[in-house]
Amino acid sequence: MNDKLDLILEGIKELQQITRAIHDRQEETDAKLETLAMEVHKLHGEVASVKEDTKRIHKRLDYQILRIARTEEEIHLLKPEKQ
């Protein structure tokens, strides 16, 4: 009877160790997931910033192209007609 009880107690101790190991791994996994979530959030912010910068650059380029077109039109209108 004592041998069976000792085996049961040993099994319980092993289960407790396994449970602690699983819990520790879960905590590690949760910490890594939190770190990854923060990195994803950071990257999302950087992508949004790049998109805004790209929009601003395109607006400036459109403005410069418009100015060039107007200047070319003025030059064309000011040139005397060749005969």
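The values are calculated or read from the model by the stated rules, or taken from the named source; none is laboratory data. Quantities reported herein were computed from a predicted structural model and do not represent experimental measurements. FYI the Cβ positions are ideal-geometry reconstructions off the backbone, even for glycines, and counts take in every protein chain you see. SASA here: full protein model, heavy atoms, side chains in, ligands and nucleic acids out. Shrake-Rupley method; radii C 1.70, N 1.55, O 1.52, S 1.80 Å.
Here are a few things to note about the model shown:
- The one condition from (1) in a helix (DSSP H, G or I); (2) open to solvent by 90 Å² or more (accessible area, probe 1.4 Å); (3) not polar (S, T, N, Q) that GLU81 does not meet is (1).
- Some residue of region 30-43 being β-branched (Val, Ile, Thr), free of Cβ contacts under 8 Å to residues at least 40 places away in the same chain, in a helix (DSSP H, G or I) and open to solvent by 100 Å² or more (accessible area, probe 1.4 Å): no
- Candidate set from region 44-61 (those that are of a type in the set (D, E, K, R) and open to solvent by 100 Å² or more (accessible area, probe 1.4 Å)); member that is modelled with the lowest pLDDT: LYS51
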